[in-house]
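Chemist: The structure follows.
The values are calculated or read from the model by the stated rules, or taken from the named source; none is laboratory data. Quick caveat, the model's predicted, so the values are computed rather than measured. Ideal geometry is used to build each Cβ from the backbone, glycine not excepted, and the neighbour counts take in all protein chains shown. Each accessible area value is taken on the protein alone, full model and side chains, heavy atoms only, with ligands, DNA and RNA left out. Shrake-Rupley method; radii C 1.70, N 1.55, O 1.52, S 1.80 Å.
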Amino acid sequence: MVKQLDARFSITGARIVMPTTAMAAAIHCVGGRIQAQPADGACTVDLRDHLLIPGLINAHDHLHLNNIPPVPHTTSFASSYAWIAAMPAHLAGAAGAAAAVPRPLRLWQGALKNLLAGVTTVQHHDPWEPLFAEPDFPVHVPQRYGWCHSLGLAPDTHDPTSALPIYGPAVRASYRATPAGAPWIMHLAEGVDAGARAELDLLAQLGCLGPQSRLVHAVGLSAAQQERALACGAGLIWCPSSNLVMLGATLDPQRAYAADRLALATDARLTGARDLLDELRIAAQQSSLPPAALFRLSTTTPARLLGLDDVGALTPGCRADLFVLADPGGDPYPTLLDAQRSAIRAVVRAGRPALVDPDLGDWMAACGGTPTPIRIDGRPKLIDKALLGPPGVAELEPGLETEL
């Protein structure tokens, strides 16, 4: 293949996975976008017997917390605030060295963790950082959002035992500062105690429950409270692995799914699953949602809830973000639920192959990448070298070997 400066290619022979079906069709990429017709000079990649899946969307991750080991505990916590109270002692031990790794390296590793699992868009739940705009940062991090950690841990405060009036102004200010039409994201009812059950009413009293509200975890909400939040136009972000590890329980996703107001997310590895592929399997175990529904919870629905109109699908005008799995035939959605990250044949990010199996290395090189041998969980792969980031990042990611 001839090396291209603007990374234009067409994929033929594969089935494109959509919200309700998979259809055999060619896909054309140029300038980082999908277009309806092939571009002049585009290389052609024959991927017959493969599935093309939109790059997954992780609706909630603290990118800088993925290298820190979990807090050891033998019983579940009553709330995230009780878990937070255990963190200082945890960080005083061996975990402190992990937390002391420079933040830019930890942010990059969190992004790399997501990319290796076919995730190309991540909603970071902390302030947006200039590092995310670097052209080689592994994932797309939306910049247009508002955020607050929680009612008990609002911005610039750190005392979850304090009464709400102390936190009210900070919570309300972050909500009101959110741009029109953008999501406002916060942890809510992350617990199984009375305090968690009271948080929705407190949020409403502050005037912060509305169509922009994206409530993460929501384990403590009753059925009636879920209905109230959904009736206001709020969305729920479900992190079952984190909830089970911390609290021993998670929300019932059926109501929010039926309202088309539910997205799936990992949280960070500090409490959550290894990656979004593992999260999909845990979500399947914790609900009766069919595989096609879980596909939507990690593609089209989070795109809408996060105010993103160019990700989560493979239609003309969308970002050329996708990943490739071998196609066993039949229903494509169980194939996604069964997939391990080592089985991914290729990840395309912003129209350029970012990670491929060795037999697809010419495709990466033709699109301007620098194929670099690595192993993912023991399997040989090629990664575009720039995506490995600054020295020290790759060593933070378990299962990633770079010295072959």
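Chemist: Tell me, please, whether a residue that is open to solvent by 40 Å² or more (accessible area, probe 1.4 Å) and of a type in the set (Gly, Ala, Ser) can be found in the stretch 18-27.
Modeler: Yes, the stretch 18-27 contains a residue that is open to solvent by 40 Å² or more (accessible area, probe 1.4 Å) and of a type in the set (Gly, Ala, Ser).
Chemist: Moving to a separate point now. Which one of the conditions (1) over 26 Å from the mean Cα position of the chain (by Cα); (2) at pLDDT below 95 does Ala224 fail to meet, given that it meets all the rest?
Modeler: Single failed check for Ala224: (2).
Chemist: Test each condition in (1) in a loop (DSSP other than H, G, I, E, B); (2) free of Cβ contacts under 8 Å to residues at least 40 places away in the same chain; (3) basic (Lys, Arg) for Arg255 and report the one that comes out false.
Modeler: All conditions are met except number (1).
Chemist: Moving to a separate point now. Looking only at the stretch 76-98, which residues are in a helix (DSSP H, G or I) and touching a residue at least 40 places away in the same chain (Cβ under 8 Å)?
Modeler: Ser80, Tyr81, Ala82, Trp83, Ile84, Ala85
Chemist: Let me ask something else. What single numbered condition from (1) crowded, with 22+ Cβ neighbours inside 10 Å; (2) closer than 22 Å to Asp61 by Cα; (3) touching a strand residue (DSSP E or B) at 6+ places or on another chain (Cβ under 8 Å) fails to hold for Ser241?
Modeler: (3)
Quick grid of which residues meet (1) acidic (Asp, Glu); (2) at pLDDT 95 or above; (3) within 25 Å of the chain's Cα centre (by Cα); (4) under 30 Å from Trp128 (Cα atoms):
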residue	(1), (2), (3), (4)
Val45	no, yes, no, no
Gly55	no, yes, yes, yes
Asn67	no, yes, yes, yes
Met87	no, no, yes, yes
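Chemist: Inside the stretch 347-382, can you point out the residues that are farther than 18 Å from Gly55 by Cβ and touching a residue at least 40 places away in the same chain (Cβ under 8 Å)?
Modeler: Asp362, Ala365, Ala366, Gly368
Chemist: Can you report the number of residues in the stretch 231-284 which are more than 16 Å from Val119 (Cα to Cα), of a type in the set (Gly, Ala, Ser) and touching a Pro at 6+ places or on another chain (Cβ under 8 Å)?
Modeler: Here the count works out to 5.
Chemist: Further question: Give the residues of the stretch 51-107 that are over 23 Å from Leu188 (Cα atoms), surrounded by 21 or more Cβ atoms within 10 Å (Cβ to Cβ) and not aliphatic (A, V, I, L, M), sorted by residue number.
Modeler: Pro54, Gly55, Asn67, Arg106
Chemist: Need the failing condition index for Ala263 against (1) part of a helix (DSSP H, G or I); (2) closer than 20 Å to Pro19 by Cβ; (3) of a type in the set (Gly, Ala, Ser), just the number.
Modeler: (1)
Matching residues to (1) touching a Leu at 6+ places or on another chain (Cβ under 8 Å); (2) over 25 Å from Pro371 (Cα atoms); (3) among the basic types (Lys, Arg):
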{"position": "Ile16", "(1), (2), (3)": "yes, yes, no"}
{"position": "Arg33", "(1), (2), (3)": "no, no, yes"}
{"position": "Ala42", "(1), (2), (3)": "no, no, no"}
{"position": "Pro54", "(1), (2), (3)": "yes, no, no"}
{"position": "Asn67", "(1), (2), (3)": "yes, yes, no"}
{"position": "Phe77", "(1), (2), (3)": "yes, yes, no"}
{"position": "Ala86", "(1), (2), (3)": "no, yes, no"}
{"position": "Leu91", "(1), (2), (3)": "no, yes, no"}
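Chemist: Looking only at the stretch 215-238, how many residues end up being surrounded by fewer than 24 Cβ atoms within 10 Å (Cβ to Cβ) and touching a His at 6+ places or on another chain (Cβ under 7 Å)?
Modeler: Residues that pass the stated criteria total 0.
Chemist: Related question: Has the stretch 293-313 got any residue that is open to solvent by less than 10 Å² (accessible area, probe 1.4 Å), touching a Phe, Trp or Tyr at 6+ places or on another chain (Cβ under 8 Å) and in contact (Cβ under 8 Å) with a residue 60 or more places away in the chain?
Modeler: For the stretch 293-313, residues open to solvent by less than 10 Å² (accessible area, probe 1.4 Å), touching a Phe, Trp or Tyr at 6+ places or on another chain (Cβ under 8 Å) and in contact (Cβ under 8 Å) with a residue 60 or more places away in the chain: present.
Chemist: Tally up the residues in the stretch 166-207 that are without any contact (Cβ under 8 Å) to a residue 40 or more places away in the chain, within 18 Å of Gly307 (Cβ to Cβ) and open to solvent by less than 10 Å² (accessible area, probe 1.4 Å), please.
Modeler: Looking only at that region, the number is 2.
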